[in-house]
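The values are calculated or read from the model by the stated rules, or taken from the named source; none is laboratory data. Every value quoted in this text rests on a predicted model; they were computed, and no experiment measured them. Please note: Cβ atoms are built from the backbone with ideal geometry, for glycine as well, and neighbour counts cover all protein chains shown.
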Amino acid sequence: MDVIAELREQEPLFHRDQDPEALAAPDFWEVGASGQVYRRDVVLATVRDRREAGESDGWEAEDFACLELGPETYLLTYLLSQVDRRTRRATIWRRGLTGWQVLYHQGTVVQ
């Protein structure tokens, strides 16, 4: 399987049947669509709370592109459509011995 196909299976980030603790690198952080910076512990707590509440997103991802940034490190971008908004997403992934880990994620609202 090629890299873009492997990474498409991981997105939208934290909204699939994944182990968020294993998926997020120890130094993971993200910038939300609001511009707010979130550290790993806050993101993982939010993911845990949403799963416990049984929230369902109904998201649709499309327009994927992938760029190699360095050895086993890639930038994946895509358009995410939700019920009430569309965002451009950017995720930096690194492939290690135990699989893929996410280093950084950002969402930007588009018109």
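Of the residues making up the range 76-111, those that are polar (S, T, N, Q), touching a residue at least 40 places away in the same chain (Cβ under 8 Å) and part of a strand (DSSP E or B) are Thr87, Thr91, Gln101, Gln106, Thr108.
Of the candidates Thr108, Thr98, the single residue that is polar (S, T, N, Q) and surrounded by 11 or more Cβ atoms within 10 Å (Cβ to Cβ) is Thr108.
Here's the yes/no breakdown for (1) closer than 22 Å to Ile4 by Cα; (2) in contact with a strand residue (DSSP E or B) (Cβ under 6 Å, 6 or more places away or on another chain):
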| residue | (1), (2) |
| --- | --- |
| Gln18 | yes, no |
| Tyr38 | no, yes |
| Val42 | no, no |
| Gly54 | no, no |
| Tyr74 | yes, yes |
| Gln106 | yes, yes |
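The set of residues in the range 1-11 being surrounded by 16 or more Cβ atoms within 10 Å (Cβ to Cβ) and at pLDDT below 90 consists of Gln10, Glu11.
Considering Thr87, Thr91, the condition of being closer than 18 Å to Gln10 by Cβ, surrounded by 16 or more Cβ atoms within 10 Å (Cβ to Cβ) and modelled with pLDDT under 95 is satisfied by Thr87 alone. When the range 12-39 is filtered for residues that are surrounded by fewer than 15 Cβ atoms within 10 Å (Cβ to Cβ) and either touching a residue at least 12 places away in the same chain (Cβ under 8 Å) or assigned to a helix (DSSP H, G or I) (or both), the ones remaining, listed by number, are Glu21, Ala22, Pro26, Asp27. Residues that are among the acidic types (Asp, Glu), in a strand (DSSP E or B) and modelled with pLDDT of 90 or more occur in the range 63-75; there is at least one.
Scanning the range 40-62 for residues that are in contact with a Lys or Arg (Cβ under 9 Å, 6 or more places away or on another chain) and assigned to a strand (DSSP E or B) turns up just one, Ala61.
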